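Visitor: First the structure, then my questions, so here it is.
The values are calculated or read from the model by the stated rules, or taken from the named source; none is laboratory data. Everything numeric here is computed off the predicted structure, so don't read it as measured data. Here the Cβ is made from the backbone with ideal geometry for all residues, glycine too, and neighbour counts use every protein chain on show. Just the protein is used for accessible areas: all its heavy atoms, side chains included, with ligands, DNA and RNA removed. Shrake-Rupley method; radii C 1.70, N 1.55, O 1.52, S 1.80 Å.
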Amino acid sequence: SGHCLLLPDEQTVLISNLSEGMDLYRIRHCHPYRRFKYTADTSDNLPVQVAFLHDGRAVACGSMDGNVTVWDVANEDQIQVLPHDVRPPLLTVVQAYQYRDFTLLATGTSHSSENTYIRIWRSDTSRSAFSLSTDS
């Protein structure tokens, strides 16, 4: 399997499924109760990192096309695609940090030392609508 992350409630696990996106499981259940599918090329079958955002109301996943996709957990809708406009396609990693009224999401791509960069995205968690933005 791919990268996984335990939600702070210690009852939910998010797993990169290596084939089409991410699956959300409740502890002690064998089948996912939510599926988040992306359209990126998965032929290399490499694990990508996953993250919970907004107290677990949203999830994010890196991809082999260099982008990060964010989904709403409640309805499995894709909320936003965070672009990394670097070619050739690169593995994108993600790490989230939530503090009081905002969430920070660090995304990074790496292909070679010349094509490595990190982008920091910020979202206001007090808003009902979820949107990440960056200054770069």
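Visitor: Which value in nm describes the separation of the simple spin-label points at residue 102 and residue 11, placed 7 Å from the Cα toward the beta carbon?
Guide: Between residue 102 and residue 11, the simple spin-label model gives 3.1 nm.
Visitor: Right, something else. Along the Cα→Cβ direction, 7 angstrom out, place labels at residue 19 and residue 117. What is the inter-label distance in nm?
Guide: Distance between the two pseudo-spin positions: 3.5 nm.
Visitor: Something else about it: Using 7 Å Cα-to-Cβ label points, what is the residue 26/residue 4 separation (nm, one decimal)?
Guide: About 1.7 nm, to one decimal.
Visitor: For residue 35, tell me the accessible area in Å² from a 1.4 Å probe, rounded to the nearest 10.
Guide: 100
Visitor: Let me ask something else. Using a 1.4 angstrom probe with every protein chain in place, what is the largest-first accessible-area order of 102, 36?
Guide: 102, 36
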